[in-house]
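Undergrad: The structure under discussion is supplied below as structure tokens; questions concerning it will follow.
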Amino acid sequence: VQLQASGGGLVQAGGSLRLSCEASGRSFSSYRVGWFRQAPGKEREFVAAISSSGYSIAHADSVKGRFTISRDNAKNTVYLQMNSLKPEDTAVYYCAAGGAFGPSTMSSRYDYWGQGTQVTVSS
């Protein structure tokens with residue numbers, strides 16, 4: 001499975017962006033998918049994850065109520081809708097896939113990683 005993240009950019013605080021993670025290869029619909037982010041000088045952190053079916057989701061406390069993860073298995077794509085963006089959301093965002101069960105907050109549960117897309121939120 002190869003993953004391609006896109007949709008990042010520069011936005012003002014309070015604005016919105018939608019990230020996409022498009023996968024190539026078969027069996028994508030059987031994998032959980034997660035979004036993680038890494039800001040300069042900080043460790044990579046969990047943002048959101050979705051089960052293979054899309055029925056089970058999880059979001060980090062820091063983004064609950066502002067970010068929403070979803071997926072369209074027919075398009076082999078997972079989305080991260082980000083609203084009410086804050087400067088502290090600035091980071092490189094990575095999507096990852098792996099495992100066949102529910103969403104996981106642990107990066108070690110994911111086998112495939114995309115290249116990342118930069119999100120910059122100005123104050």
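To keep it simple, each residue is scored yes or no on (1) over 24 Å from residue 76 (Cα atoms); (2) assigned to a strand (DSSP E or B); (3) in contact with a Phe, Trp or Tyr (Cβ under 6 Å, 6 or more places away or on another chain).
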| residue | (1), (2), (3) |
| --- | --- |
| 11 | yes, yes, no |
| 15 | yes, no, no |
| 33 | no, yes, no |
| 37 | no, yes, yes |
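Undergrad: The conditions are (1) open to solvent by less than 50 Å² (accessible area, probe 1.4 Å); (2) within 15 Å of the chain's Cα centre (by Cα), and residue 11 fails exactly one of them. Which is it?
TA: Residue 11 satisfies all of (1) open to solvent by less than 50 Å² (accessible area, probe 1.4 Å); (2) within 15 Å of the chain's Cα centre (by Cα) except (2).
Undergrad: Tally up the residues in region 111-123 that are under 15 Å from residue 25 (Cβ atoms) and open to solvent by less than 40 Å² (accessible area, probe 1.4 Å), please.
TA: Number satisfying all stated conditions: 1.
Undergrad: Considering only region 24-47, state which residues are surrounded by 17 or more Cβ atoms within 10 Å (Cβ to Cβ) and over 17 Å from residue 105 (Cα atoms).
TA: Of everything in region 24-47, just one residue is surrounded by 17 or more Cβ atoms within 10 Å (Cβ to Cβ) and over 17 Å from residue 105 (Cα atoms), namely 28.
Undergrad: Residues of region 48-57 being buried (at least 18 other Cβ atoms within 10 Å of the Cβ) and more than 15 Å from residue 37 (Cα to Cα), which ones?
TA: Correct list: 50, 51, 52.
Undergrad: Here is a follow-up. Can you name the residue in region 77-104 that is modelled with pLDDT of 95 or more and in a loop (DSSP other than H, G, I, E, B) and is also least open to solvent (accessible area, probe 1.4 Å) among such residues?
TA: That would be 85.
Undergrad: A follow-up question, please. For region 52-73, how many residues are outside any loop (DSSP other than H, G, I, E, B) and in contact (Cβ under 8 Å) with a residue 40 or more places away in the chain?
TA: 3
Undergrad: Further, regarding this structure: Would region 2-9 turn up any residue that is farther than 17 Å from residue 110 by Cα and not in a strand (DSSP E or B)?
TA: Yes; the residues of region 2-9 include at least one that is farther than 17 Å from residue 110 by Cα and not in a strand (DSSP E or B).
Undergrad: Identify all residues within region 50-90 that are among the aliphatic types (A, V, I, L, M) and over 25 Å from residue 12 (Cα atoms); write none if there are none.
TA: 50, 57, 58, 74
Undergrad: Moving to a separate point now. Any idea which of (1) open to solvent by less than 40 Å² (accessible area, probe 1.4 Å); (2) touching a Phe, Trp or Tyr at 6+ places or on another chain (Cβ under 7 Å); (3) within 22 Å of residue 122 (Cα to Cα); (4) charged (D, E, K, R) is the one residue 66 doesn't satisfy?
TA: It is condition (2) that residue 66 fails.
Undergrad: Of all the residues that make up region 14-23, how many are open to solvent by less than 60 Å² (accessible area, probe 1.4 Å) and touching a Gly at 6+ places or on another chain (Cβ under 9 Å)?
TA: Total meeting the criteria: 5.
Undergrad: Quick check on this structure: which one of 123, 30 is more than 18 Å from residue 13 (Cα to Cα), at pLDDT below 95 and not aliphatic (A, V, I, L, M)?
TA: Step by step, each of 123, 30 is checked, and only 30 is more than 18 Å from residue 13 (Cα to Cα), at pLDDT below 95 and not aliphatic (A, V, I, L, M).
Undergrad: With the requirement that a residue be within 12 Å of the chain's Cα centre (by Cα) and among the β-branched types (Val, Ile, Thr), what does region 69-122 give you?
TA: 69, 77, 78, 92, 105, 117, 119
The values are calculated or read from the model by the stated rules, or taken from the named source; none is laboratory data. None of the values given here were measured: they were computed from a predicted structure. Methodologically, a virtual Cβ is constructed for each residue, glycine included, from the backbone with ideal geometry; neighbour enumeration extends over all protein chains shown. The accessibility values were calculated without ligands, DNA or RNA, using every heavy atom of the protein model including side chains. Shrake-Rupley method; radii C 1.70, N 1.55, O 1.52, S 1.80 Å.
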